[in-house]
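Q: The structure's right below; bear with me while I get my questions together.
The values are calculated or read from the model by the stated rules, or taken from the named source; none is laboratory data. Note that the structure is a prediction, hence the values are computed from the model and not measured. Quick reminder, even Gly has a Cβ in these numbers, built from the backbone with ideal geometry, and neighbours come from all protein chains shown.
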Amino acid sequence: MIRNFVLAGLAAAAFVFGPTAAEAGRDLDAIKARGTLRCGVQGPSNPGFGVPNAQGVWGGFNVEVCRAIAITIFNDPSKVEFVPVTTQSRFPALTNGEVDVLSNNTTWTLTRDTGVNRFNFPAIIFYDGQAIMVPRRLNVTSARALNGATVCVQPGTTTELNLADFFRQNNMTFRPVVIEALDELRRAYDQGRCDSSPTTSPRSPRSARCSATRATT
């Protein structure tokens with residue numbers, strides 16, 4: 001899905017398992033013995049994909065993936081423990097066994113699939129693109145007008161890497177404002193602490209939560 005100006009083609013988000021095929025049986029037995037699936041979701045909230053309501057009940061696209069997995073294991077969608085993770089803590093949590101599976105907008109890349117940890121990506125569950133969002137008040141009509149801009153971005157993400165690639169390929173510079181928590185990043189953008197922020201497709205719930213903005217073309 002291409003929109004606005006493309007930074008790095010298409011992103012494919014998947015849910016991720018930690019164990020290799022040889023270890024999967026042992027880990028599945030441990031999940032069954034525990035009686036619950038520990039599912040890592042982006043926290044503290046990611047509207048549209050995963051957010052707890054006033055009663056603490058989680059809902060959203062990625063959350064429903066967790067419940068679907070619980071159904072296949074226990075025939076019961078309630079047997080899930082939702083563990084909030086950040087872009088920095090998600091992979092250590094999976095590697096260390098704090099969670100059994102990640103369902104939190106993780107892009108499937110060759111490095112993640114074949115690197116030291118060799119995470120297993122069973123299926124792509126969401127396709128999206130990447131663009132840059134700016135406040136309407138800046139009257140920016142092209143990404144190439146953002147040379148020297150400050151950009152709010154989450155660390156440890158393909159978004160961060162794509163952003164650096166785009167500016168480098170266009171002989172431009174930017175000043176990153178690195179913020180790990182998604183809610184805090186959104187507040188920083190709305191408060192004007194950065195000139196722009198990477199965003200996703202207009203069809204994505206992630207884009208819908210931003211206010212008073214205009215995507216560039």
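Q: Can you list the strands (runs of 3 or more DSSP E) found entirely within region 122-211 that contain at least 3 residues being at pLDDT 90 or above and touching a Ser or Thr at 6+ places or on another chain (Cβ under 6 Å)?
A: Numbers: elements: 131-135, 149-153, 174-178, 197-199.
Answer list for region 122-211: 149-153.
Q: Could you please find all residues in region 63-116 being surrounded by fewer than 16 Cβ atoms within 10 Å (Cβ to Cβ), free of Cβ contacts under 8 Å to residues at least 40 places away in the same chain and closer than 26 Å to residue 178 by Cα?
A: 92, 96, 110, 111, 113, 115, 116
Q: Among the residues of region 86-112, how many are part of a helix (DSSP H, G or I) and of a type outside the set (Ser, Thr, Tyr)? Spell out how you get there, then give the answer.
A: First, the residues of region 86-112 that are part of a helix (DSSP H, G or I): 90-95, 110-112.
Applying the additional criterion that residues be of a type outside the set (Ser, Thr, Tyr) yields 90-94, 110, 112.
Total meeting the criteria: 7.
Q: Separate question: Only one residue in 43, 56 is surrounded by fewer than 22 Cβ atoms within 10 Å (Cβ to Cβ) and in contact (Cβ under 8 Å) with a residue 12 or more places away in the chain. Which one?
A: Working: 56 fails: in contact (Cβ under 8 Å) with a residue 12 or more places away in the chain.
Among 43, 56, only 43 is surrounded by fewer than 22 Cβ atoms within 10 Å (Cβ to Cβ) and in contact (Cβ under 8 Å) with a residue 12 or more places away in the chain.
Q: So, in region 36-57, how many residues would count as being hydrophobic (A, V, I, L, M, F, W, C), more than 17 Å from residue 157 (Cβ to Cβ) and touching a helix residue (DSSP H, G or I) at 6+ places or on another chain (Cβ under 6 Å)? I'd like the intermediate steps shown before the answer.
A: First, the residues of region 36-57 that are hydrophobic (A, V, I, L, M, F, W, C): 37, 39, 41, 49, 51, 54, 57.
Narrowing the set further to residues that are more than 17 Å from residue 157 (Cβ to Cβ) leaves 37, 39, 51, 54, 57.
Among the residues that remain, those that are also touching a helix residue (DSSP H, G or I) at 6+ places or on another chain (Cβ under 6 Å) are: 37, 39.
Final tally of qualifying residues: 2.
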